[in-house]
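Okay, so here's the structure we're looking at.
The values are calculated or read from the model by the stated rules, or taken from the named source; none is laboratory data. From a predicted model like this one, the values you see are computed outputs, not experimental measurements. Cβ atoms come from the backbone with ideal geometry, glycine included; neighbour counts cover every protein chain shown. The protein model used for the area step is the full one, side chains on, heavy atoms only, and it has no ligands, DNA or RNA in it. Shrake-Rupley method; radii C 1.70, N 1.55, O 1.52, S 1.80 Å.
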Amino acid sequence: MARNIQSLERAAAMLRLLAGGERRLGLSDVASALGLAKGTAHGILRTLQAEGFVEQDPASGRYQLGAELLRLGNSYLDVHELRARALVWTDDLARASGESVYVGVLHQSGVLIMHHVFRPDDSRQVLEVGAMQPLHSTALGKVLSAYDPVAHTEALDGEREAFTPRTVTDAAGFEEVLDLTRARGWAADVEETWEGIASVAAPIHDRRRMPVGAVAVAGAVERVCGESGEPRPALVASVRDCARSVSRDLGAGRF
């Protein structure tokens, strides 16, 4: 059996200690409670402080939990609430559209697929929950980049690979795509990431009216797009209605 990493165990114990009991603890309190030498405790606290998991009060020198833990906790809750709220609406969208439906969220420098509804037919399909998609070429990624400043920065600073001849890779062109996305409230990917595949996505907002994810329908170009080569208006409307419904369930009100 693999051995646990002692320093990580001690760091976890410190976070649990700071999460309970008194709001702030001094170095001696932490070291005594965990049976550690002061030097050892101080080194771990300094590392946690550098990562934002612990904060030190300048006046008293005592330690408390940091804002980074709150951010991570909120992210965990947001993602799980998002999936829970999206279940019914995405099932309905898959049935109505006859296509696969995806819900994605920003993760590092890409889009993490956190919910996937299969296309409602008898074809062989692979569950893509946990898969990563690029920000700059997919409909989900464009929506997140258009509405989320962090995603926008990640997409601009990262490498924008040309997956097909249709992929927009230059910064100016990409900004134009995001302007169009914001203007019409949805994004499309017509063979920009995968040959023969098109998708349409719309943003999902939470009770703070902040973008927390996006929902997309994806399928064969000939089914998703009309004769003009653009996504079918009825399909766009269905995706946007689904996104609005999930947003309302998250407390965002009407968009």
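Any residue at all in segment 182-199 that is without any contact (Cβ under 8 Å) to a residue 40 or more places away in the chain, touching a strand residue (DSSP E or B) at 6+ places or on another chain (Cβ under 8 Å) and among the hydroxyl-bearing types (S, T, Y)?
No, segment 182-199 has no match at all.
Taking segment 227-245 on its own, how many of its residues are open to solvent by less than 40 Å² (accessible area, probe 1.4 Å) and more than 17 Å from V117 (Cα to Cα)?
3
Restricting attention to segment 139-149, which residues are crowded, with 24+ Cβ neighbours inside 10 Å and either touching a strand residue (DSSP E or B) at 6+ places or on another chain (Cβ under 8 Å) or of a type in the set (A, V, I, L, M) (or both)?
Correct list: A139, L140, G141, K142, V143, L144, A146.
In segment 84-95, is there at least one residue being surrounded by 24 or more Cβ atoms within 10 Å (Cβ to Cβ) and at pLDDT below 95?
yes
Among the numbered conditions (1) open to solvent by 60 Å² or more (accessible area, probe 1.4 Å); (2) over 31 Å from the mean Cα position of the chain (by Cα); (3) of a type in the set (S, T, Y), tell me where S7 comes up short.
Exception for S7: condition (2).
Can you name the number of the only condition in (1) in contact with a Phe, Trp or Tyr (Cβ under 7 Å, 6 or more places away or on another chain); (2) modelled with pLDDT of 95 or more that H205 fails?
(2)
Do the conditions hold for A202, that is, is it buried (at least 23 other Cβ atoms within 10 Å of the Cβ) and either among the basic types (K, R) or touching a Gly at 6+ places or on another chain (Cβ under 8 Å) (or both)?
Yes; evaluated as a whole, the condition is true for this residue.
Being hydrophobic (A, V, I, L, M, F, W, C) and surrounded by fewer than 20 Cβ atoms within 10 Å (Cβ to Cβ) is the filter here, so list the residues in segment 150-165 that pass it.
Within segment 150-165, V150, L156, A162, F163 qualify.
Please work out which residue is farthest from T90 (Cα to Cα), limiting yourself to segment 210-225 and to residues that are surrounded by 13 or more Cβ atoms within 10 Å (Cβ to Cβ) and not aliphatic (A, V, I, L, M).
Checked segment 210-225; the qualifying residue farthest from T90 (Cα to Cα) is C225.
When you scan segment 117-138, how many residues do you find that are in contact with a Gly (Cβ under 9 Å, 6 or more places away or on another chain), free of Cβ contacts under 8 Å to residues at least 60 places away in the same chain and surrounded by 12 or more Cβ atoms within 10 Å (Cβ to Cβ)?
5
Do any strands (runs of 3 or more DSSP E) lying entirely in segment 30-149 carry at least 1 residues that are within 29 Å of E176 (Cβ to Cβ), and which ones are they?
100-107, 110-117
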